[in-house]
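Chemist: Quick one: this structure, given as structure tokens, is what I'll be asking you about.
The values are calculated or read from the model by the stated rules, or taken from the named source; none is laboratory data. Here the structure is a predicted model, which is why all the values come from computation and not from measurement. Here the Cβ positions follow ideal geometry from the backbone for every residue, glycine too, while neighbour counts run over all protein chains shown. Surface accessibility is based on the protein's heavy atoms, side chains included, excluding ligands, DNA and RNA. Shrake-Rupley method; radii C 1.70, N 1.55, O 1.52, S 1.80 Å.
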Amino acid sequence: MNLQNAISLFSPRNLVCALFMSVLSACGGTSDDGHVVTVDGVSMDKTIDKTGIYDLEVTGARNDVTVAAGNTVARLIVAGMNNRIFVLKTATVERIELDGSGNTVYVPVGFKSRVTRNGNNNDVIER
């Protein structure tokens, strides 16, 4: 690496970009609006444990979301990129809608749900 490359590596534009990306990675959260729970952000690890039937919407990127045992989800909508959803035993999901790319829903072996796939590289995996 020569001096010119080293100087450009630490340019104000690159530093601002790095700062923005670090702030963005900490953004996001969970909201509960009655019968709809929304998880939206980047690299979050959330467990959803709610009584009654509800819809769960997961957006953003690289989120790990767990649906707790005994929960009843009417619609699980997963959008964005590289999100992982873990459905625990005794949880019920009536419909899974996969959008975006690289999203994976892990369900117990023998799990039954209607699945709609859009986008690419979206999977439902039994384990």
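Chemist: Mind checking which residues of segment 77-111 are of a type in the set (Asp, Glu) and either touching a residue at least 40 places away in the same chain (Cβ under 8 Å) or under 11 Å from Asn63 (Cα atoms) (or both)?
Modeler: Of everything in segment 77-111, nothing turns out to be of a type in the set (Asp, Glu) and either touching a residue at least 40 places away in the same chain (Cβ under 8 Å) or under 11 Å from Asn63 (Cα atoms) (or both).
Chemist: Out of the residues in segment 78-96 that are in a loop (DSSP other than H, G, I, E, B) and over 21 Å from Gly110 (Cβ atoms), state the one that is most open to solvent (accessible area, probe 1.4 Å).
Modeler: Asn82
Chemist: Another one. Being in a strand (DSSP E or B) and either open to solvent by 40 Å² or more (accessible area, probe 1.4 Å) or farther than 14 Å from Ser101 by Cβ (or both) is the filter here; which residues of segment 57-77 pass it?
Modeler: Glu57, Thr59, Asp64, Val65, Thr66, Val67, Thr72, Val73, Ala74, Arg75, Leu76, Ile77
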